[in-house]
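> Provided herewith is a single structure, encoded as structure tokens, for subsequent inquiry.
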Amino acid sequence: MKKRSLFFRTQNEENQKKLEHMSEKRALNEEKLKESIVSSLSALNDGVVAIYITIIVLSIPYPESREQYGDFLWSIGTFLISFFIIADFWYENKRIFGAVKKAGHGFIVMNFIFLASLALIPVTTSWILNERGDTFAEINYCVVYLITLMCQNLLQFFAIKHHFKHHYELFLKLIAGRALTMMIVAAALIIMSIYFPYRAVAFYILLPIIDFLIPEEGKRRRFAE
């Protein structure tokens with residue numbers, strides 16, 4: 001009876017060791033996957049952005065007569081504005097990915113939500129440029145732009161939160177403060193859209209382009225650095 005009991009105990013211990021070994025191996029594989037998926041996501045983002053830009057270019061109608069040449073130039077101008085706005089988001093995204101060592105589930109999900117919202121930027125940009133002075137169009141652009149900006153802010157949160165394990169509360173305050181600033185600016189632009197629609201369009205278009213063109217040393221210092 002004792003031998004039988006000892007046999008089952010030995011079997012249980014061996015099975016337990018096998019399970020622990022399998023769990024450790026699975027955890028190691030998951031860590032390797034999180035590391036490798038960062039570069040895959042970055043390459044995917046580049047491809048998606050390239051597709052967005054290609055679609056915008058292909059949507060430019062060529063002039064069928066000289067009378068339509070002005071509309072053709074206007075379409076090119078709209079494309080260039082959308083291009084630089086997307087470029088600004090792409091550049092900031094590259095900076096975020098540069099700080100990521102492992103891509104967790106939250107980071108992956110937020111990245112795809114960011115790409116989905118980014119796809120609406122060219123549509124709403126074209127809307128406010130072709131319907132100049134339309135308050136409804138400008139508010140929609142502002143909402144889409146704010147959502148995209150907030151998604152990128154959350155993407156940065158998931159990317160660098162592991163650096164602030166010992167100062168997590170301070171980190172959350174910084175993130176919340178940044179999000180609050182974005183919402184205040186968005187609210188101010190929406191109010192401007194109602195009372196000064198033409199000036200609001202200028203702010204919507206110029207701010208991201210200026211942010212993209214200003215050299216990095218001239219920008220404000222970001223807490224991620």
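The values are calculated or read from the model by the stated rules, or taken from the named source; none is laboratory data. Note that the structure is predicted; figures quoted are calculated from it, not measured. Cβ atoms come from the backbone with ideal geometry, glycine included; neighbour counts cover every protein chain shown. With ligands, DNA and RNA removed, areas are computed over all heavy atoms of the protein, side chains included. Shrake-Rupley method; radii C 1.70, N 1.55, O 1.52, S 1.80 Å.
> Per residue of the range 59-69, what does 6.51 cos²θ - 1.76 cosθ + 1.60 with θ = phi - 60° give for ³J(HN,Hα)? Whole Hz please, x for Gly and Pro, Karplus curve as stated.
Taking θ as phi minus 60°, the curve returns 7, 6, x, 7, x, 8, 8, 5, 5, 8, 5 Hz for the range 59-69.
> Can I ask one more? For a label point 7 Å from the Cα of I60 along Cα→C-beta, name the residues of the range 80-95 whose backbone N is under 18 Å from it.
Counting backbone N atoms under 18 Å from the label point, the list is 80-88.
> Once you place label points 7 Å from the Cα toward the Cβ at I184 and A87, how far apart are they in nm?
3.1
> Extension gain I51-K94, at 0.36 nm per residue separation less the Cα-Cα distance, in nm? Each step should come with its number before you reach the end.
Numbers: separation 43, 0.36 × 43 = 15.48 nm, distance 1.71 nm.
Using 0.36 nm per residue and subtracting the Cα-Cα distance, I get 13.8 nm.
> Expressed in nm to one decimal, what extension gain is obtained for the pair I191 and S36 from 0.36 nm per residue of sequence separation less their Cα-Cα distance?
Roughly 51.3 nm would be gained on extension.
> Now for a separate question. I'd like the accessible area for I55: 1.4 Å probe, protein heavy atoms, all chains in place, Å² to the nearest 10.
Around 100 Å² of this residue is reachable by solvent.
> Using each residue's phi in the range 203-213, evaluate 6.51 cos²θ - 1.76 cosθ + 1.60 at θ = phi - 60° and report the 3J(HN,Hα) Karplus result to the nearest Hz, with x for Gly and Pro.
With coefficients 6.51, -1.76 and 1.60, one gets 5, 4, 7, 6, 4, x, 5, 4, 4, 6, 7 Hz.
> Once you place label points 7 Å from the Cα toward the Cβ at Y69 and R132, how far apart are they in nm?
Spacing of the two 7 Å Cα→Cβ label points: 2.0 nm.
> For the range 54-164, with only Lys/Arg (+1) and Asp/Glu (-1) charged at the beta-carbon, what is the dipole magnitude about the Cα centre, in debye rounded to 20?
800
> Follow-up question, since we're still on this one. Ordering E169, E138 by how much accessible area each has at a 1.4 Å probe, largest first, what is the list?
Sorted by accessible area, descending: E169, E138.
> Hey, if you put +1 on the Cβ of every Lys and Arg and -1 on every Asp and Glu Cβ in the range 50-206, which of A202, A159, T124 ends up farthest toward the positive end of that dipole?
Of the options given, the answer is A159.
> Ordered by residue, what ³J(HN,Hα) values in Hz, to whole numbers, does the range 185-199 give under the Karplus form 6.51 cos²θ - 1.76 cosθ + 1.60, where θ = phi - 60° and Gly and Pro are x?
Karplus-based 3J(HN,Hα) across the range 185-199 equals 4, 4, 5, 5, 5, 5, 4, 5, 4, 6, 9, 10, x, 5, 5 Hz.
> Could you rank Y69, Y62, Y52, Y141 by how accessible they are, 1.4 Å probe, largest area first? Intermediate values should be presented prior to the final figure.
Numbers: Y69 115, Y62 160, Y52 40, Y141 5 Å².
Descending order: Y62, Y69, Y52, Y141.
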